[in-house]
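Here is the structure we will look at, set down as structure tokens.
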Amino acid sequence: MSAFTPEASPSAEEARAALNALRREVAKAVVGQDETVTGLVVALLCRGHILLEGVPGVAKTLLVRTVSAALSLDHKRVQFTPDLMPGDVTGSLVYDQHTAKFEFMKGPVFTNLLLADEINRTPPKTQASLLEAMEERQVTVEGSPMALPDPFMVAATQNPVEYEGTYPLPEAQLDRFLLKVTIPLPERAAEIDMLGRHAAGFDPGDLAAAGVTAVAGAAELRAAREAAARVRVAPEVLGYIVDLCRATRFSPSLQLGASPRGATALLRTSRAWAWLSGRDYVTPDDVKALAKGTLRHRIGLRPEAELEGATTDGILDGVLASVPVPR
């Protein structure tokens, strides 16, 4: 039985305990995805969005659904396809014969957690329909803005191995995602655990039967955001974040380094992680822990480096090893 009470006004400590309990709830339905769950929570705390990359069948959709249920948030899923239109995402005007007027029918973007499944399978025009929603948290209808619910987050997925018939996200839209998390295939023990659950009758479509309950909600998220925004960052740590981002700009293997927006994003994610870890100050280790997830989609490899087998994560590992850590 969950102790979560939506009516209560939680303290920062209660909010932290509730969000840290999220991992236990998600583990009832999804095996071995702690890093991805952490990314989703960090993105929610920072009012950001997250890009999930993994091969089909690693439970990306189930993970987002489970997090939504455990946080008592409304969620909607959109399967992005080549024929999807912008209005299918944001909504459209529909003529009402009874009133002889056009009425706006809200699209699936009007939710707390939008799962944009295989976002790179839809044309740029439809991808761009999410830009205003992600950046401004509103949709403009006939010149009038309509605010989206709060909290609002886009969790987009893409397949890293099948590029035929896809439309790679442009740099401007990639930069709108606070984090990019790569979801690996599970370890052998985790996969055996997963199969055992299915053999015992686990139904991914029935999270309640799996025992998933709400452990937090919008009130906890508000309290958590306010507390995370008060986390202190020493000048030396600010300098470390800047030095990491500047090092990517001068890397010979990269044609695109992290921008000042990337540095700001790393500050936000490091703060959120420090708060989740129980501290009111950011350490260099917090910055290191979130550096790859925050920066890997904001840098671009040179073609010759890519041909030689270099990867963005490998480059970032080198940057983290070469930039002096403040003491």
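Observations on the structure shown:
- FRET efficiency, 1/(1 + (r/R0)^6) with R0 41 Å, evaluated for Ala229 and Glu306 via beta carbons: 0.60
- Residues Asp83 and Glu135, FRET efficiency given R0 of 35 Å [Cβ-Cβ distance, rounded to 0.05]: 0.85
- Computed about its Cα centre, the charge dipole of segment 85-238 is approximately 380 debye, with only Lys, Arg, Asp and Glu carrying charge at their Cβ.
- Looking at segment 1-151, the DSSP beta bridges with both ends there are about 65 percent antiparallel.
- Largest-first ordering by accessible area, 1.4 Å probe, given options Arg188, Arg296: Arg188, Arg296
- The residues of segment 230-320 present an accessible area of 47 Å² per residue when probed at 1.4 Å with all protein chains retained.
- Label of the coordinate-derived value, Kirkwood radius over Cα pairs in Å, listed as (1) 21.0; (2) 22.8; (3) 19.9: (1)
- Take 141-151, 270-280 and order them by the average number of nearby Cβ atoms within 10 Å per residue, most first; the result is 270-280, 141-151.
- Where only DSSP H runs of four or more residues are counted, the chain gives -13000 deg cm²/dmol as its mean residue ellipticity at 222 nm, each run worth -39500 (n - 2.57).
- Residues in segment 7-32 that a label on Asp280 would reach, taking backbone N under 15 Å of a point 7 Å out along Cα→Cβ: 11-14, 16
- For the chain, a Gaussian network of Cα nodes joined below 10 Å ranks Val242, Val42, Val109 by mean-square fluctuation, and the top entry is Val242.
- Simple spin-label estimate for Asp243 and Phe202 in nanometres, 7 Å along Cα-Cβ: 4.4
- This model, with +1 at the C-beta of Lys and Arg and -1 at the C-beta of Asp and Glu, gives the chain a dipole about its Cα centre of some 740 debye.
- Considering only Ala43, Ala200, Ala15, the mean-square fluctuation computed in a Gaussian network model of the chain, springs between alpha carbons under 10 angstrom, is largest for Ala200.
- For segment 210-243, no residue has its backbone nitrogen under 13 Å from a point 7 Å from the Cα of Ser11, taken along Cα to Cβ.
- Options Gln158, Ala310, Leu221, ranked by Cα towards positive dipole end of the chain, top entry (Cβ charges): Leu221
- Computed over the chain with a Gaussian network model linking Cα atoms closer than 10 Å, the most mobile of Gln138, Gln79, Gln97 is Gln97.
- Maximal additional length on extending the Arg261-Val55 stretch stands at 71.3 nm, based on 0.36 nm per residue less the C-alpha distance.
- Measuring against 29 Å, Cα to Cα, the residue pairs Lys76/Lys288; Lys60/Lys101; Lys106/Lys292; Lys76/Lys180 contain Lys76/Lys288; Lys60/Lys101; Lys106/Lys292 as the ones spanning a longer distance.
- Computed FRET value (nearest 0.05) for Glu191 with Lys101, which takes r as the C-beta separation and R₀ as 51 Å: 0.40
- At the residue level, Asp317 shows approximately 70 square angstrom of accessible surface with a 1.4 angstrom probe and all protein chains present.
- Within the chain, percent of DSSP bridges classed antiparallel, to nearest 5: 40
The values are calculated or read from the model by the stated rules, or taken from the named source; none is laboratory data. A quick note: this is a predicted structure, and the numbers were derived from the prediction, not measured. Cβ: placed from backbone, ideal geometry, glycine included. Neighbour counts: every protein chain shown. We work out accessible area using only protein heavy atoms, side chains counted, and drop any ligands, DNA or RNA first. Shrake-Rupley method; radii C 1.70, N 1.55, O 1.52, S 1.80 Å.
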